[in-house]
Amino acid sequence: MSNKEQQHFLTASQMAHFVTDGYLQLDELVPSAYNEAILADEKRMTNAGGQFWQRSEALRAAFELPQVKGAVQSFVGVSPVYDHSYLHIVGPHMLKAQVWHADSVIDVRPFAFDVQAFYFTHDAPAEMGPTLILPGSHLRKVNTNSIARYKNIVGQRQLVAKAGTIVFMHHGIWHCAQPNHTDQTRYVFKLRLRPGQQQRNLFNTEGYQDPEVTDIIERGYQAWQGNEARLEHIQRAKFWRYVTGDDTVDVSFEKSLTRMSIH
């Protein structure tokens, strides 16, 4: 691993936001020259679908950039396992939206996670229909379309993005594509990676116990969580222990993880 990649590891603050919200948006991470080359491939290879990763050399080169590779390694380590990828295309004035869903049907892991990178090669304003997500939903496990009956949920957020932005999402986050109200085609490339190792202490953990970092987790309540908010807080605290590699750090509600531990 090069020093250049290590310089681009996620900070403790960034990882705390991911643990709390279930996603991390890194704006304009990929330089414009790469975006333009990959967008040209997207326009040429409209039928590539699940083969776009294999067919676009420019795309694979973008994910080898130190700033991209460093972020990926912070989530899934140095030897991630390719799960799947897809080039999603939504045509002009395509007014049908996806239903709310989560991508993982069955997951026996308590806190290990796959990461999904959503990469925008062009500006994606709200009217173009970039993905809608529900922050904080990643630890509320559901069976794919079992949440399809919901419409709008308080706290939902659309992934409005500039060209070159990559949004890294926990595999369990609730999300759905939105209608494209413009006369332009919308492209987004999705890559899912499984960890090839334990996901403990993979990011830059400097300052992970500082109040400005732990406050992100302790105050990460979402209105939609309702009566379960404190339980969600405890789940975040357990997740934080996992990714920091420190099984003594306790940011749980009323220090429940410490008080209720077996001695």
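The values are calculated or read from the model by the stated rules, or taken from the named source; none is laboratory data. These figures come from a predicted structure and were not determined experimentally. Reconstructed Cβ throughout: ideal geometry from the backbone, glycine too, with neighbour counts over all protein chains shown.
For Asn152, are the conditions met, namely being assigned to a loop (DSSP other than H, G, I, E, B), touching a strand residue (DSSP E or B) at 6+ places or on another chain (Cβ under 6 Å) and more than 23 Å from Gln6 (Cα to Cα)? Spell out how you get there, then give the answer.
Details: assigned to a loop (DSSP other than H, G, I, E, B): yes; touching a strand residue (DSSP E or B) at 6+ places or on another chain (Cβ under 6 Å): no; more than 23 Å from Gln6 (Cα to Cα): yes.
No; evaluated as a whole, the condition is false for this residue.
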| note | Residue pairs within 7 Å by beta carbon, gap of at least six or interchain, first lying in region 213-227 and closer than 21 Å to Thr244 by Cβ and in contact (Cβ under 8 Å) with a residue 40 or more places away in the chain, second among the small types (Gly, Ala, Ser) and part of a loop (DSSP other than H, G, I, E, B), listed first then second, are Val213/Gly207; Gly220/Gly136
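Taking region 44-53, which residues are more than 22 Å from the chain's Cα centre (by Cα) and loosely packed, with under 13 Cβ neighbours inside 10 Å?
Arg44, Asn47
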| Just one of the numbered conditions (1) charged (D, E, K, R); (2) surrounded by fewer than 16 Cβ atoms within 10 Å (Cβ to Cβ); (3) at pLDDT 95 or above is not true of Asp107; which one? | (3)
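So for region 134-146 (the condition being outside any loop (DSSP other than H, G, I, E, B) and among the hydrophobic types (A, V, I, L, M, F, W, C)), does at least one residue qualify? Please lay out each step first, then the result.
First, the residues of region 134-146 that are outside any loop (DSSP other than H, G, I, E, B): 144-146.
Next cut, among the hydrophobic types (A, V, I, L, M, F, W, C) only: none.
The answer is no; no qualifying residue exists.
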| query | Restricting attention to region 127-166, which residues are within 23 Å of Glu218 (Cβ to Cβ) and either of a type in the set (D, E, K, R) or loosely packed, with under 14 Cβ neighbours inside 10 Å (or both)? | reply | Arg140, Lys141, Val154, Arg157
| said: What's the total number of residues in region 97-109 that are touching a residue at least 60 places away in the same chain (Cβ under 8 Å) and in a loop (DSSP other than H, G, I, E, B)? | reply: 8
